[in-house]
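The values are calculated or read from the model by the stated rules, or taken from the named source; none is laboratory data. Just so it is clear, the model here is predicted, and its values are computed rather than measured. No Cβ is skipped: glycine too gets one built from the backbone with ideal geometry, and neighbour counts run over all protein chains shown. All accessible areas refer to the heavy atoms of the entire protein, side chains included, with ligands and DNA or RNA removed. Shrake-Rupley method; radii C 1.70, N 1.55, O 1.52, S 1.80 Å.
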Amino acid sequence: MSEQKEQNEVLEEKAEELEEALKQEQNDEVTATEKEAAETEDPAAAEEENPEVPTEAETAAEESEDAEVSEVAEESEEDLDVQIAKLKKNDAAMLLIKKAKHIVHDAEAQMEACKLLLSDDLKDFEDAKKSLIEGGMEESEELLEALGFAKDEEEEEEVEEVSVFEAKEEVPPVHIRDISSGKFTGFLLALIFGLSTLFGLLYVATEKLGITLDLSKAPSGETISSILIWFSSLVDMKEPIIGGAMLIGTVLLVMFIVYKIRVSVRASSNLEYAKEQLKKAEEYASVKGSCKDEMDKVDAHIKEAIETMKTYEVILHEQKGKLRRIQHIEQSGEETPEYHEKSLKEMEETYDLIKTIKEFLNTPMSEEGKLSGKSTLFLYRAKNRLEKMIDRLY
């Protein structure tokens, strides 16, 4: 008994705190302005009105935790930078792309697992809701109406079809593209520049020798020999082999330079792109992680609600039997029959139970993908009302 009373008191305190928080959110601009002015004039009173304001010790602890987290993040970034510095640019870029893909994949996998779990819990919630309505609440309402018990305060509220959970607008997916080394395009560019260099050198040689090449047919051996000897004469030699080696060497050198420049530029570009993709992946994972945290809160809320509804079903099933007894024994043909004081108490308890659980069932559990404070408040009220009923029974 003492333990139940302590739990009841804790639930009452939580319900009051949540109710105050909900009222504060629904305050209009005028009330908010007056509150800000009051807090400015009397800081001590403001602290008393808002007990959720963290103390200096709590603030210091939070700042210490944030500092530790930031230090770990900085260390990991430094380790990554050190690891990148030891690699070639293209290899470093491929490593970052691989890490970005891993981050995105993990974030999406966790989110899908969370959605699947939440989907199962939502189905269980609907089953529990249906069982509650059909297993005692609906018939208890009919019996209360037949007994002529009604509150004049407000009209009877029906259980509405509300969206239990509305997911927040989906974050656009992040697609991490693979990178290319640039070797293939580098080879093509090198080939183009090499051929251009070859034809350019041949043109210079023929101009110097006064030879006109007929491109419609292959040049004769004498013409080729003359051209190669001219190239070798540039180093004071008259050997065609030397001239051919110089020509081929020059073309290959140009091709090598073009290829290396292309691959180097591509590697630098890949590294910058990979860093951007990694940053984008981390931001995406952060948003997804935030959504998952909110869904986890809703999931825990749903499980708590299911347990509460099951207990309500048992209690209302018992109350249904009591109401039938009252109807069978005490109800007379009079328009306003006089019931025993205990019977009236049972009817009032049953009415309050139904009213409380209906308030919860008619409130969506989420607002823009986040757990609704209103739903949390009504669940605590429902649990509090249930605890009071159990205290009375035991």
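Going by the structure shown, is Thr250 farther than 30 Å from Leu96 by Cα, modelled with pLDDT of 90 or more and assigned to a helix (DSSP H, G or I)?
For Thr250, the condition - farther than 30 Å from Leu96 by Cα, modelled with pLDDT of 90 or more and assigned to a helix (DSSP H, G or I) - is met.
If the condition is being open to solvent by less than 70 Å² (accessible area, probe 1.4 Å) and under 10 Å from Tyr259 (Cβ atoms), then the range 192-203 contributes only Gly194. The number of residues in the range 108-134 that are hydrophobic (A, V, I, L, M, F, W, C) and either modelled with pLDDT under 85 or open to solvent by 40 Å² or more (accessible area, probe 1.4 Å) (or both) comes to 8. With respect to the stated conditions, Gly221 fails to be in contact with a helix residue (DSSP H, G or I) (Cβ under 9 Å, 6 or more places away or on another chain) and small (Gly, Ala, Ser).
Which of the following residues is of a type in the set (Val, Ile, Thr), surrounded by 13 or more Cβ atoms within 10 Å (Cβ to Cβ) and at pLDDT 85 or above: Ile315, Ile329? Step through it out loud before you land on a result.
On the way: Ile329 fails: surrounded by 13 or more Cβ atoms within 10 Å (Cβ to Cβ).
Residue meeting the stated conditions: Ile315.
Scanning the range 364-383 for residues that are in contact with a Ser or Thr (Cβ under 9 Å, 6 or more places away or on another chain) and open to solvent by less than 20 Å² (accessible area, probe 1.4 Å) yields a total of 7. Selection of the range 180-226 for residues being at negative phi and in a loop (DSSP other than H, G, I, E, B) yields Ser180, Ser181, Ile211, Thr212, Leu213, Asp214, Leu215, Ser216, Lys217, Ala218, Pro219, Ser220. Of the candidates Glu313, Glu304, Glu330, the single residue that is among the charged types (D, E, K, R) and over 30 Å from Leu122 (Cα atoms) is Glu330. Among the residues making up the range 228-263, those that are more than 30 Å from Lys89 (Cβ to Cβ) and β-branched (Val, Ile, Thr) are Ile229, Val235, Ile241, Ile242, Ile248.
Residue-by-condition table, conditions (1) farther than 30 Å from Ser366 by Cα; (2) surrounded by fewer than 18 Cβ atoms within 10 Å (Cβ to Cβ); (3) without any contact (Cβ under 8 Å) to a residue 40 or more places away in the chain; (4) not acidic (Asp, Glu):
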{"site": "Val254", "(1), (2), (3), (4)": "yes, no, no, yes"}
{"site": "Ala267", "(1), (2), (3), (4)": "yes, no, no, yes"}
{"site": "Ala274", "(1), (2), (3), (4)": "yes, no, no, yes"}
{"site": "Ala281", "(1), (2), (3), (4)": "no, no, no, yes"}
{"site": "Ala285", "(1), (2), (3), (4)": "no, no, no, yes"}
{"site": "Gly289", "(1), (2), (3), (4)": "no, yes, no, yes"}
{"site": "Asp293", "(1), (2), (3), (4)": "no, yes, yes, no"}
{"site": "Lys297", "(1), (2), (3), (4)": "no, yes, no, yes"}
{"site": "His301", "(1), (2), (3), (4)": "no, no, no, yes"}
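Restricting attention to the range 368-394, the residues being outside any helix (DSSP H, G or I) and without any contact (Cβ under 8 Å) to a residue 40 or more places away in the chain number 1. Restricting the range 81-139 to residues that are more than 30 Å from Thr356 (Cβ to Cβ) and of a type in the set (Gly, Ala, Ser) leaves a set whose member that is farthest from the chain's Cα centre (by Cα) is Ala85. Tallying residues that are over 19 Å from Lys129 (Cβ atoms), open to solvent by less than 30 Å² (accessible area, probe 1.4 Å) and aliphatic (A, V, I, L, M) within the range 340-363 yields 1.
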